[in-house]
Amino acid sequence: MAVKIRLARRGRKKKAIYDIVVADARAPRDGRFIEKLGIYNPGTNPASIVLESDKAVDWLLKGAQPTDTARSILQHEGVLLRKHLQVGVLKGAITQEVADSRFEEWKGSKTDRKTTAADTLSQQKDADKKAKLDAERKVNEARAEAIAKKNTPPAEEVPAVEEVTDEVAEVTEATEAPEATEVAEATAEAPEAPEAPEASSETPAEKSAE
């Protein structure tokens, strides 16, 4: 009997969750299975995996063949590495302590990579959120400015300083002009003073003789 490690789908529409199961290759995908090894949820970011690694290693050593998707999950969780190290222990190439130390070293580096990826994802989310808030703030400011401009009454035009000065000068000239005209007319209408009689050069004696 060919045994496979594969995924069995469950969950509602567009919210699928998969069980990692060991099943007969002839059984339907969502049909009967031999044993359940874990859960794979691709709906989260990053995808969440819950897996019993010891059972998965045992089934791989017994000859169970994983499907492509299941192989990717097992490799991501280090099951294939543990199986490879265990084969070396069974053949006598390495001891169990060496295999365990190598796996723990790989697991520590994997944890660091997961932490870094989670931090990067969190920073990206914060940056996206900040960018959205900035864009929304700009839109609100533009909208408020448009509303204020619409509600503000039109301002009265203030004449320029030069125009006001010209108007003042014209008024001053118009005020002074009639006064000058009246002075000139009064001067022209005044009667001329009588001329004084010319002094006679004759003496009184001459006048008597005449």
Discussion item. When the residues of the stretch 1-30 are narrowed to those that are basic (Lys, Arg) and under 11 Å from residue 70 (Cβ atoms), which ends up surrounded by the most Cβ atoms within 10 Å (Cβ to Cβ)?
Written reply: 6
Practice prompt. Determine which member of the set 36, 13, 55 is free of Cβ contacts under 8 Å to residues at least 60 places away in the same chain, in contact with an Asp or Glu (Cβ under 6 Å, 6 or more places away or on another chain) and among the charged types (D, E, K, R).
Written response: 36
Fill in: Single condition residue 102 does not satisfy, out of (1) closer than 30 Å to residue 122 by Cα; (2) free of Cβ contacts under 8 Å to residues at least 40 places away in the same chain; (3) surrounded by 14 or more Cβ atoms within 10 Å (Cβ to Cβ)
(1)
Worksheet item: So, of the residues in the stretch 31-58 that are under 23 Å from residue 81 (Cβ atoms) and of a type in the set (Ser, Thr, Tyr), which turns out to be surrounded by the fewest Cβ atoms within 10 Å (Cβ to Cβ)?
Response: 48
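FYI, it's all coordinate maths here, none of it is from the lab. If you're wondering where the values come from, they're calculated on a predicted model, not measured in any experiment. A quick note on method: Cβ atoms are made from the backbone with ideal geometry, for glycine too, and the neighbour counts reach across all protein chains shown.
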